[in-house]
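Everything on this sheet refers to the single structure shown next.
The numbers here are math on the coordinates, done by the rules we state, and not lab data. The structure presented is a predicted model; accordingly, all values stated were derived computationally and were not measured. Here the Cβ positions follow ideal geometry from the backbone for every residue, glycine too, while neighbour counts run over all protein chains shown.
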Amino acid sequence: MSTGTGADSAPGHTSTPTTPVAAASRNSMFGSLRIRNYRLFATGQVVSNTGTWMQRIAQDWLVLSLTGSASAVGITIALQFLPMLLFGLYGGVLADRLPKRPLLIGTQAAMGLTGVALAVLTLAGHVQVWHVYLAAFLLGLVTVVDNPARQTFVSEMVGPAQVANAVSLNSANFQSARLVGPAIAGVLITAVGSGWAFLLNGLSFAAPIAALLLMRSRELHPVTPQPRAKGQLREGLRYVAGRPELVWPIVLVGFIGTFGFNFPIWLSAFVSDVFHGDAGTYGLFNTLIAAGSLIGALLAARRGHTRLRLLVAAAGLFSVLLLATAFAPGFWLFAALLVPVGVFGLTVNVVANSSVQMATDPEMRGRVMALFMMVFTGGTPLGAPLVGWITDTYGARVGMASGGLISLVAALGVGLVLSRVGNLRLRVGRHGVTFVPSARPRELATAA
């Protein structure tokens, strides 16, 4: 990916960190973990992420049990991401205006409270579908601020040289928890019900709050908060609009996030309607996707750099694998294909995320990442109900295939646009089909 004007910029006025960023090798898979503040952050996040995955599985299964409808699962997902679609850009403005660490302490505490509240209702036997809908919407409201603040706080912990590695390790962290969380949730739901999964998730947020409190301020790379001013939201949009290296990755992840990442809908439908399984089967499928995603995250951390051609290629392969999985004839083939689906789906996410962060000036990063997350997750309120309706009406296989087909069209379209903007051409050789610079490369040739 092109480093752009912001990639090599110092992150605002900073104090000299006690542990220099340069001490961590750029090519080390775990280079960011040499930084104490990031180690604390990663430790807190793996606990919280495990709880989050437990709640996701329990929430989806609870809604499916109460309603028997994949569309209802889609509505729950849509409500959780609707605030990002409506207010996501304002969350980025707040992330640029306010100090990140105290802001994150507040958002993590609020997320914990939503889990505890849902646990109380479920354990008391009073939970109804609208309670789950409300909890999902409130969690989404908090996420509007938490997401851009957490995304941009990464660069303040590790410095610009380690951003790509830290973003990849964040994803590896999240996917490691995804390996454990669904399995625990499956056992808990079967043994004692969904309420305990909700309660453990609420309590798990104590870990990231403690990690944030234990960080050493002098070792951070703080970005000077932007003063309140008119037009900051429009300024962020103009900033992105003038940079193709930001626009097209955001467009691509928007299509894939809206139509290609609807696994709760598809997997719950496959479990109940195709394979006639239970909560344990649902947890197994999520664990297999997580295993692939973890592999993808670690490979991304090892690379240490990003390129647009890698983003487009990963998006195309993800889409093709989604189509193949949709029509897998047997249980074990379907399950096996979920692993490479996870690998390439996570690769799309990590490459796009780190590319956008590295190409953005520090003082604009909150707004740009808010737009990135708004497009990536904010499209879910539009895509999830539609995909849920297709899945209910035409079956799980057609539902998953429709998401794969739309994602494939988006990958091919963005790939062609980038090849024209970057003055690239297709080359077919022994190593496959690749984009290579033409005789007169333009601005994005180096990015691809």
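Per-residue packing, averaged as other Cβ atoms within 10 Å, sorts the ranges 205-215, 126-136 into the order 205-215, 126-136, beginning with the highest. What is the calculated FRET efficiency for Leu66 to Val251, with r their C-beta to C-beta distance and R₀ = 45 Å, to the nearest 0.05? About 0.80, to the nearest 0.05. Label positions at Arg39 and Leu416, each projected 7 Å from the Cα along the C-beta direction, are separated by 5.1 nm. Taking trypsin sites (Lys or Arg not before Pro) in DSSP loop conformation with at most 14 other Cβ atoms inside 10 Å as exposed sites, the chain has its longest uninterrupted site-free stretch at 231-429. Here the sum of -39500 (n - 2.57) over DSSP H runs of 4 or more residues, divided by the residues of the chain, equals -24500 deg cm²/dmol at 222 nm, to the nearest 500. For the chain, the normalised intensity computed at q = 0.06 Å⁻¹ comes to -0.24 (log10 of I(q)/I(0), Debye sum over alpha carbons, equal scatterers, no solvent).
From the Kirkwood radius over Cα pairs of segment 118-263, Stokes-Einstein at 37 °C and 0.692 mPa s returns a whole-number translational diffusion coefficient of 172 µm²/s.
Full extension of the segment from Phe30 to Ser217, taken as 0.36 nm per residue of separation minus the current Cα-Cα distance, would add 65.1 nm. Using only side-chain charges placed at the Cβ, +1 for Lys and Arg and -1 for Asp and Glu, the dipole size of the chain relative to its Cα centre rounds to 1360 debye.
In this simple spin-label approximation, Leu233 and Ala210 carry label points 7 Å from Cα along the Cα→Cβ vector, and these lie 3.9 nm apart.
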